[in-house]
Amino acid sequence: TGAAVAGSAAVVDGVVYMASEDGQLFALDAKSGDERWVTEFSRQRPCGSPAVAYGVVFIGEGAKGGHEIGVMTGGPVVGLDIDSGVVVWRGPSGPQGYAAICLDENTLFAGANGSNFAAVDLATGKTLWSQNGGHQNRQFMSFTRFGDLAYVPGSMTGTVMAWDPIRGHSKWHEPIWPGQQ
């Protein structure tokens, strides 16, 4: 890729999608490794982990940091056409770090800068809700959507949070390291 790859790859229908820290998102043939397309992000470094659904590759546009810098400011979440790599969708501010985008049939879940976590309408790109996870609960880890809850680990404080995925109301916030709150 020409630079470090710090996030996970997504492999869908014989294509590997992965981002490099030099600001590029790659679509590679899974069998041959041949490049299908590369999209370069001019201002950011999309070093997160993509999600692929509905003919679109979703990824946080990135940050000015990278794996060697712990403090990062996330750019918007964007969606690229799976066949061309052209941006076809744009949402609000995205995750820091390398967290994967989480999707259900109508909603994208991701970190939204700092200690905030958000749900975004896939049809419109508009934020449905945004909640603060508490000081130092950065979104370096990925959301998980299961059943009637959305879960996210607070990566720097050792907690797990669960929210109502529709309204963003907190259901519970559980410390898993002794002495954490």
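The values are calculated or read from the model by the stated rules, or taken from the named source; none is laboratory data. Bear in mind that the values here come from a model prediction, so they are computed numbers and not experimental data. Methodologically, a virtual Cβ is constructed for each residue, glycine included, from the backbone with ideal geometry; neighbour enumeration extends over all protein chains shown. Protein only, heavy atoms only, side chains kept; ligands, DNA and RNA dropped before computing areas. Shrake-Rupley method; radii C 1.70, N 1.55, O 1.52, S 1.80 Å.
What FRET efficiency do you get for Ser32 and Arg90 if R0 is 35 Å and r is their Cβ-Cβ distance, rounded to the nearest 0.05?
Working: r = 31 Å, r/R0 = 0.90.
Taking R0 as 35 Å, the efficiency between Ser32 and Arg90 is 0.65.
Residue separation times 0.36 nm, minus the C-alpha to C-alpha distance between Thr127 and Val5: what's the value?
Details: separation 122, 0.36 × 122 = 43.92 nm, distance 2.85 nm.
Going from the current span to full extension adds 41.1 nm.
FRET efficiency for the pair Leu149 and Asn106, taken as 1/(1 + (r/R0)^6) with r the Cβ-Cβ distance and R0 = 22 Å, rounds to 0.90.
Whenever you get a sec, compute what percent of the accessible area on the stretch 1-52 sits on carbon and sulfur atoms (1.4 Å probe). Can you show the working numbers first?
Details: 1050 of 2520 Å².
Carbon-and-sulfur percentage of accessible area, whole number: 42.
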